[in-house]
């Protein structure tokens, strides 16, 4: 099976704020030149205050979500506390590294809030991971998204400001990258909150950018 036969997801954004983490993705999935889905899910909650975004092969991403969700629940049962974001990332890094001869074709962002505060990591298909201190993007639309993020990100942003920036970055990526498009999903994770924005909220933010 050639690469362009895989169902693929595309642009994602993660932003570290002073009171939490914002994760956002667009909703288009492609198979070569075909738009296979206009409502693809690319943000997955993997613990109470942790989530993962996916770019790349949708099937591989869903397999990873199933594994890490179970492992985080088992950890909580055994240790009586949630796994840290760094711990989740390390476990995923080991999983991806162990598959290097048959790699899972994904780029991942892991973000959330734990006892150490807000945290955000990026992972590649071979398990390499980087702690992100500000803003990050993955997928084919990421060069365009980075243009917005680099220009407008500043330290100690609130999650409200982070949401506006994430939507702006994706909105612009979707204008120029054909594999990115349709709707936008946004999740805000704070110390004791996990909230997905309603479609109407995202629509209002996008209308302000037009």
Checklist outcome for this item: Taking the alpha-carbon centre of each part, the distance from segment 48-108 to segment 111-171 in Å is 18 Å
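Just want to confirm a number: the relative contact order over the chain, from Cα pairs under 8 angstrom separated by 6+ residues, in percent. The partial results should precede the final answer.
On the way: 487 pairs, mean separation 61.7, N = 210.
Relative contact order for the chain comes out at 29 percent.
So what is the relative contact order of segment 5-127, in percent, for Cα pairs below 8 Å that sit 6 or more residues apart? Don't jump to the answer; show the numbers that get you there.
Details: 245 pairs, mean separation 32.9, N = 123.
Relative contact order of segment 5-127: 27 percent.
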Item to check | Label-point gap, in nm, between residue 115 and residue 206 - each point 7 angstrom along Cα→Cβ | outcome: 4.1 nm
Checklist entry - Got a sec? Which residues in segment 36-56 would a label at residue 62 touch, if it sits 7 Å along Cα→Cβ and we count backbone N under 11 Å? => result 41
Item to check | residue 133 paired with residue 156, simple spin-label distance in nm, labels 7 Å along Cα-to-beta-carbon | outcome: 1.6 nm
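Please find the FRET efficiency linking residue 38 to residue 81, where r is the Cβ-Cβ separation and R0 is fixed at 25 Å, and quote it to the nearest 0.05. Walk me through the numbers before you get to the answer.
On the way: r = 39 Å, r/R0 = 1.58.
The value I calculate is 0.05.
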Checklist entry - What order do you get for 114-126, 67-79 when each peptide is scored by the mean count of other beta carbon atoms within 10 Å, highest first? => result 114-126, 67-79
Checklist entry - Given that just one value was derived from the coordinates, which of (i) 49, 45, 27; (ii) 67, 44, 31; (iii) 60, 37, 34 is Cα extents along the principal axes in Å? => result (i)
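Laboratory data are not the source of any read-out in this text; all were calculated from the coordinates shown. Note that the coordinates shown come from a computational prediction; the quantities given were computed from them, not determined experimentally. Glycine also receives a Cβ, built like all others from the backbone with ideal geometry; neighbour counts cover every protein chain displayed.
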